[in-house]
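What follows is a set of notes on a single structure, which appears directly below.
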Amino acid sequence: MGLKIGIVGLPNVGKSTLFNALLKRQQALVANYPFATIEPNVGIVEVPDERLTVLAKLSQSVKVVPATVEFVDIAGLVAGAATGAGLGNKFLTHIRDVDVILQVLRDFKDSEIVKEGSVDPKTDYEVIETELILKDLETVVKVRDNKELKTKEMEKKRGVVEKLFEGLNAGKPARAILEGTDDWELARDLGLLTMKKEIKVFNVSEDDSRLREEMGENLYICAKIESELSSLSAEDAQLFMTDLGIKESGLDKLIRKAYEALGLISFLTTGVTESRAWTIENGTKAPQAAAVIHTDFEKKFIKAKVCAYEEFVSFGGWKEAAEKGKVRFEGKDYVMKDGDVVEFMIGS
């Protein structure tokens, strides 16, 4: 499965600068005027995973294939976007396709960068959230007026739609309205924007002390620093971060946060051909994990040969780990763990 993150925010808050830094190439147009991004720019970024390098060396793999994240740089939204202001509806539609909404909030001071509608992080967040809520309300109203919803068979669904209608009208996002209830599945097919997981990223100045804090509920990233890091070799980038007192790049923090928000983990496969990371939801059982490699593997699944990454590396591979009793053969009910090194036994 792929992870798709939509970068949203008001114009000129640093979305495209961050996007370019993440891609390590200038794929998006960065300009000091509103709506520099018109079509959503899309890019694939590798998920940093040092375990693959270790496995590749151990297995003498020809290539390394990391898991990937797809970033979508969506044009700046403004107040009134839900009713077509700015480039409104067009970009709200692009958000429907992403798994996580990454809201970039301007928290730096630079008189040379035009503040197009930006006031402060709290107010800016509320502007974007309001537009998403209004768009969801428009969706819910259409569903609410649908004759099919008024049948007896749709009574439960109708109740959920009414709850969403009232909550959205009161200015609450769908995720808050549905939190702690059993209504989530009934609402899933509505495609509501405010049901999506979200991450707040505060784009701060280079000297902001929050860059050096451990990752908490919010992320603090300096898009300008990330842009500089993207132009350096891995060794020079590490030296630069050390000089700044930063332990890891904003990209690493962001991807970890996105995996955490969606409850994603990675299992690993390794051999002479390749060492590779595969993304699955936490709680996935072995046959469904095998299906990520190939859809036929789920129905032809026999068992999985599994070893924890640390033990696989510590003992030097499958043969040695097996001799130490660290390799297990798991069946259809086995729940995959992050860092499992796996070989799936598949029938014909």
- Condition test on Tyr259, is it outside any helix (DSSP H, G or I) and farther than 27 Å from Gln60 by Cα? no
- Tell me, which residue of the range 294-334 that is among the β-branched types (Val, Ile, Thr) and either in a loop (DSSP other than H, G, I, E, B) or modelled with pLDDT under 95 (or both) is most open to solvent (accessible area, probe 1.4 Å)? Thr295
- Which residue out of Val313, Val292, Val335, Val306 is within 16 Å of Ile265 (Cβ to Cβ) and more than 26 Å from the chain's Cα centre (by Cα)? Val306
- Residue satisfying condition, being modelled with pLDDT of 80 or more, assigned to a loop (DSSP other than H, G, I, E, B) and more than 19 Å from Gly271 (Cβ to Cβ), within set Pro48, Pro34: Pro48
- Query: Out of Asp243, Asp236, Asp252, which single residue is among the acidic types (Asp, Glu), at pLDDT below 90 and open to solvent by 30 Å² or more (accessible area, probe 1.4 Å)?
  - Reply: Asp252
- Item | From Phe165, Phe202, residue being of a type outside the set (A, V, I, L, M) and closer than 30 Å to Thr17 by Cα | Phe202
- Note on the structure: Within the range 335-348, residues closer than 17 Å to Ile280 by Cα, open to solvent by 50 Å² or more (accessible area, probe 1.4 Å) and either part of a loop (DSSP other than H, G, I, E, B) or not charged (D, E, K, R) (or both) come out as Val335, Lys337, Asp338
- Selection from the range 199-221 of residues that are free of Cβ contacts under 8 Å to residues at least 40 places away in the same chain, surrounded by 14 or more Cβ atoms within 10 Å (Cβ to Cβ) and assigned to a loop (DSSP other than H, G, I, E, B): Asn218
- Note on the structure: Filtering the range 146-176 down to residues that are touching a Ser or Thr at 6+ places or on another chain (Cβ under 6 Å) and outside any helix (DSSP H, G or I) yields Pro173
- Inside the range 268-302, can you point out the residues that are over 10 Å from Met336 (Cα atoms), touching a Lys or Arg at 6+ places or on another chain (Cβ under 8 Å) and of a type in the set (D, E, K, R)? Glu274
- Please go through the range 12-26 and pick out each residue that is modelled with pLDDT under 80 and of a type in the set (D, E, K, R). Lys24, Arg25
- Query: For residues in the range 40-52 being open to solvent by 60 Å² or more (accessible area, probe 1.4 Å) and in contact (Cβ under 8 Å) with a residue 24 or more places away in the chain, which is farthest from Ser314 (Cα to Cα)?
  - Reply: Val42
- If you check Glu260 against the conditions, is it surrounded by 15 or more Cβ atoms within 10 Å (Cβ to Cβ), within 30 Å of Val72 (Cα to Cα) and not aliphatic (A, V, I, L, M)? no
- Would you pick out the residues in the range 165-176 that are aliphatic (A, V, I, L, M) and surrounded by 19 or more Cβ atoms within 10 Å (Cβ to Cβ)? Leu168, Ala174
- Message: Tell me yes or no: at least one residue of the range 123-142 is in a helix (DSSP H, G or I), of a type in the set (Ser, Thr, Tyr), over 23 Å from Asn12 (Cα atoms) and at pLDDT 90 or above.
- Response: yes
- Task: Determine which member of the set Glu179, Glu162, Glu155, Glu185 is of a type in the set (Asp, Glu), exposed (fewer than 12 other Cβ atoms within 10 Å of the Cβ) and more than 24 Å from Ile95 (Cβ to Cβ).
- Result: Glu155
- Task: Determine which single condition Val272 fails, assuming it passes every other condition in (1) outside any loop (DSSP other than H, G, I, E, B); (2) in contact (Cβ under 8 Å) with a residue 40 or more places away in the chain.
- Result: (1)
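The values are calculated or read from the model by the stated rules, or taken from the named source; none is laboratory data. Fair warning: this is a prediction, and the values are worked out from it, not measured in the lab. Positions of Cβ are backbone-derived with ideal geometry, glycine not excepted, and every protein chain shown enters the neighbour counts. These accessible areas exclude ligands, DNA and RNA; they are computed on the full protein's heavy atoms, side chains included. Shrake-Rupley method; radii C 1.70, N 1.55, O 1.52, S 1.80 Å.
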